[in-house]
Each structure stands twice: as structure tokens, then as C-alpha cells.
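Just below is one structure, and these are the notes that go with it.
Readers should treat all values here as calculations from the given coordinates under stated rules, not as data from a laboratory. What you see is a predicted model; the values in this text were computed from it and never measured. Neighbour counts run over all protein chains shown; Cβ positions are idealised from the backbone, glycine included.
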């Protein structure tokens with residue numbers, strides 16, 4: 001069974017005359033081009049790694065803005081799995097986001113053949129409350145205690161696994177302010193991943209730049225943000241192809 005999936009992260013999509021960030025007023029159009037590319041590559045699914053939009057004029061406009069993005073995903077013939085970022089909660093509550101996404105869960109797993117994929121939610125405050133309506137500090141997100149317990153139990157069966165998260169579990173400590181991009185409990189999580197022996201790769205958003213590292217036997221890959229690119233770029237919408245051993249990232253093995 002051939003398995004390919006597409007990735008994109010940190011659109012920070014800005015409506016005209018709203019707060020802009022880099023090239024973020026263009027990223028919605030970039031996303032549509034990226035999704036069309038994924039369809040051409042016949043991906044099984046795609047994952048959005050969080051931070052969909054910049055703030056809008058008010059809560060209602062932000063709700064409609066993110067709803068428009070999410071509805072657009074349905075037009076390309078494959079599911080798009082959203083990962084919770086922090087910017088989703090500058091103006092919206094968790095209940096708002098669950099309503100937009102038409103779901104009751106923010107972390108879960110699914111399998112294709114013998115491969116498991118895990119969507120994680122790093123948008124929890126240090127006290128284990130969820131980010132909501134500007135009640136958060138982007139530097140101090142974490143996986144909730146219940147989520148960590150769930151993840152550890154999930155990985156106990158040793159099934160080959162790929163993870164998706166907004167906040168980082170590993171980023172080179174020499175990166176500027178790397179601790180701000182790490183989830184607070186990243187060391188505990190990395191212990192769990194290593195001990196399971198079944199996690200092959202973790203795909204991360206949040207940092208806005210492409211980074212990859214092999215750490216404790218696991219490949220950690222940061223997906224770049226299109227808000228940093230002056231024009232649409234396929235590198236911002238990579239396709240991953242899973243092989244019998246390892247995987248290809250935009251057609252190449254990461255070294």
C-alpha cells in the first residue's frame with residue numbers, strides 16, 4: 001500500500017487591512033496551490049500543523065475566516081487533519097474551534113495499513129487548561145497530562161508511528177530561543193517516544209523554518225511557513241512518501 005501525505009504549517013493568513021505578518025495576505029492562495037499539488041501527487045491525506053490565521057477585526061470575523069479556510073480543504077478529494085496551534089486562540093475559544101472543525105477531539109490517532117499517524121495538541125497552559133480566547137502564552141504550551149498518558153499507552157503496542165505537533169518536541173538547542181518553541185514537557189515526551197521504539201518521525205510547526213534532526217533515533221522535521229516566502233514555493237507544502245524502510249521528503253531522504 002503506497003502512502004503519501006502532504007504537510008503545511010503556520011499560514012498566519014491575514015485578511016486585507018488586518019494585521020499582516022510577512023507575506024501572510026497571500027498564504028490562503030498559496031494553500032490552495034499546495035492542496036492542488038497534493039491532489040496531483042495523490043496523497044492519502046494532509047496535515048495542517050497549526051497557526052491558520054492572523055487576528056481579524058473581531059471574534060466573529062476570525063471565526064468566519066478560519067471556517068472559510070477549513071471548508072476550502074474539503075474540495076480536493078482527501079482529508080486534511082488540523083493540528084491545534086496557538087494563534088487559533090487569539091480570538092476564539094476551544095469550543096469555537098471544535099465547532100468550526102466539527103469534531104469533539106483535538107488529539108487522536110488513525111492508521112493506514114500497518115502505519116499509525118498521531119495528531120497531537122500542544123495548546124495547553126502549564127496548569128493543564130486549554131488555550132482559549134487569548135488566555136495563553138505561546139512560549140509555554142504543552143501536551144496535557146491526560147494526553148501524555150494516552151500517548152504512552154497508545155505507543156505500547158510498538159506499531160510503526162508518525163507524529164504531528166505544532167509545538168516542538170525537539171529543536172536544536174543552539175537555535176535562537178529554542179526553549180520557547182519547545183513544549184514544556186518535551187523531555188518527558190522524548191523519553192516516551194524513545195522508549196516505545198516505534199516512532200519514526202515527528203513533524204512540527206511553530207518555528208516557521210525548515211529544520212530536521214535525528215535525535216535519540218527519531219527524525220524531527222520542522223515544516224516552513226509560507227508567510228516567509230515572497231512567492232508560492234513547493235518547499236512550503238512538502239509531500240512525504242512512506243517507504244518500507246524510512247520515508248522520502250519531497251522526493252529525497254533526509255540526511
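The single condition from (1) in a strand (DSSP E or B); (2) out of contact with any strand residue (DSSP E or B) (no Cβ under 9 Å at 6 or more places or on another chain) that residue 134 fails is (1).
Filtered by the rule that a residue be touching a strand residue (DSSP E or B) at 6+ places or on another chain (Cβ under 6 Å), surrounded by fewer than 18 Cβ atoms within 10 Å (Cβ to Cβ) and closer than 25 Å to residue 2 by Cβ, segment 211-249 gives 212, 241, 248. Just so you know, in segment 154-185 the residues that are assigned to a helix (DSSP H, G or I) and over 24 Å from residue 131 (Cβ atoms) include one that is nearest to the chain's Cα centre (by Cα), and it is 155. Within segment 60-74, the residues that satisfy the criterion of being in contact with a strand residue (DSSP E or B) (Cβ under 9 Å, 6 or more places away or on another chain) and closer than 14 Å to residue 89 by Cα are 62, 65, 66. For segment 196-237, a residue qualifies if it is in a strand (DSSP E or B) and over 30 Å from residue 25 (Cα atoms), and the qualifying residues are 199, 200, 201, 213, 214, 215, 218, 219. Within segment 48-72, the set of residues being out of contact with any helix residue (DSSP H, G or I) (no Cβ under 7 Å at 6 or more places or on another chain) and in a helix (DSSP H, G or I) comprises 59, 60, 61, 62, 64, 65, 68, 71. Out of the residues in segment 85-105 meeting the condition of being assigned to a loop (DSSP other than H, G, I, E, B) and within 13 Å of residue 132 (Cα to Cα), tell me which one is nearest to the chain's Cα centre (by Cα). Result: 85.
When 116, 26 are screened for being surrounded by 14 or more Cβ atoms within 10 Å (Cβ to Cβ), touching a residue at least 24 places away in the same chain (Cβ under 8 Å) and more than 17 Å from the chain's Cα centre (by Cα), only 26 passes. Of the residues that make up segment 86-100, is at least one buried (at least 18 other Cβ atoms within 10 Å of the Cβ), in contact (Cβ under 8 Å) with a residue 24 or more places away in the chain, in contact with a helix residue (DSSP H, G or I) (Cβ under 9 Å, 6 or more places away or on another chain) and under 23 Å from residue 201 (Cα atoms)? Checking segment 86-100: at least one residue is buried (at least 18 other Cβ atoms within 10 Å of the Cβ), in contact (Cβ under 8 Å) with a residue 24 or more places away in the chain, in contact with a helix residue (DSSP H, G or I) (Cβ under 9 Å, 6 or more places away or on another chain) and under 23 Å from residue 201 (Cα atoms).
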